[in-house]
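Worksheet: the structure to be examined is printed underneath.
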Amino acid sequence: MDITPQCVVGLTWTLKDTLGDTLDVLDEPVEFLVGGNDLFDAIEQALQGHKAGDVVSLHLEPEQAFGDFDDQLLFLEPRALFPAEVEEGMTFDGAALPQGVSAGIPKQGLYTVAEIYPDHLVLDGNHPLAGIALRLSLTVRSVREATEEEIGRGTAGTGFFRVEPMAPGGQQLH
């Protein structure tokens with residue numbers, strides 16, 4: 001079966017930056033809905049017409065992937081507002097940020113603790129791969145028709161292209 005909109009593809013990949021440094025390797029296939037919200041448009045376009053066993057290599061500019069880095073999404077916040085066990089790299093859902101953070105922080109974003117100082121910390125609302133051009137080598141492991149439920153949800157349930165919020169102690173916020 002060829003890849004067309006409204007099908008589910010099982011993919012593995014190697015993701016590198018333009019210097020050739022490996023950023024991510026997925027060895028076990030993960031399913032994505034083509035024509036839904038699971039994949040970037042550039043990836044969906046590159047996959048069209050391919051079938052199981054094909055290897056697709058592509059170069060993604062930041063605007064085709066996780067976007068350009070936006071320094072307007074950096075916020076310096078009082079350290080005292082956050083739990084004592086907060087660590088660099090933890091993420092917080094914008095809707096669940098502590099009372100007292102800057103009023104200008106969009107509530108729909110995810111924020112990573114980028115730096116911690118004695119009195120303040122830096123929250124970064126950019127995706128960790130924002131501003132980075134990517135090289136992606138995809139291997140199509142399977143192709144199947146999407147179920148009505150998957151089409152209705154717009155996803156095969158995969159969250160690779162989203163950053164999941166983590167609370168102190170490594171627990172997801174929801």
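Across region 92-146, the qualifying residues are those that are of a type in the set (Val, Ile, Thr) and under 24 Å from Phe32 (Cα atoms), and the one among them that is surrounded by the fewest Cβ atoms within 10 Å (Cβ to Cβ) is Thr139. Of all residues in region 98-115, those that are part of a strand (DSSP E or B) have Cβ atoms under 7 Å from Cβ atoms of residues that are surrounded by 10 or more Cβ atoms within 10 Å (Cβ to Cβ) and of a type in the set (Asp, Glu), 6 or more apart or on another chain, in Leu110/Asp93; Tyr111/Asp124; Thr112/Asp124; Val113/Glu87; Val113/Glu88; Ala114/Glu88; Ala114/Asp124; Glu115/Glu88.
So is Glu61 outside the structural domain of Asp27 (by TED's automatic domain parsing), of a type outside the set (S, T, N, Q), surrounded by 11 or more Cβ atoms within 10 Å (Cβ to Cβ) and modelled with pLDDT of 95 or more or not?
Working: outside the structural domain of Asp27 (by TED's automatic domain parsing): no; of a type outside the set (S, T, N, Q): yes; surrounded by 11 or more Cβ atoms within 10 Å (Cβ to Cβ): yes; modelled with pLDDT of 95 or more: yes.
So Glu61 fails the test.
Restricting attention to region 1-37, the residues that are at positive phi and surrounded by 12 or more Cβ atoms within 10 Å (Cβ to Cβ) add up to 2. Just one of the listed residues (Pro98, Pro168) is modelled with pLDDT under 90 and over 18 Å from the mean Cα position of the chain (by Cα), namely Pro168. Within region 139-153, identify whether any single residue is small (Gly, Ala, Ser) and under 18 Å from the mean Cα position of the chain (by Cα), and answer yes or no. So far as region 139-153 goes, no, none of its residues is small (Gly, Ala, Ser) and under 18 Å from the mean Cα position of the chain (by Cα).
The values are calculated or read from the model by the stated rules, or taken from the named source; none is laboratory data. Everything quoted here is computed from the prediction, not taken from an experiment. Glycine gets a Cβ as well: all are built from the backbone with ideal geometry, and neighbour counts include every protein chain shown.
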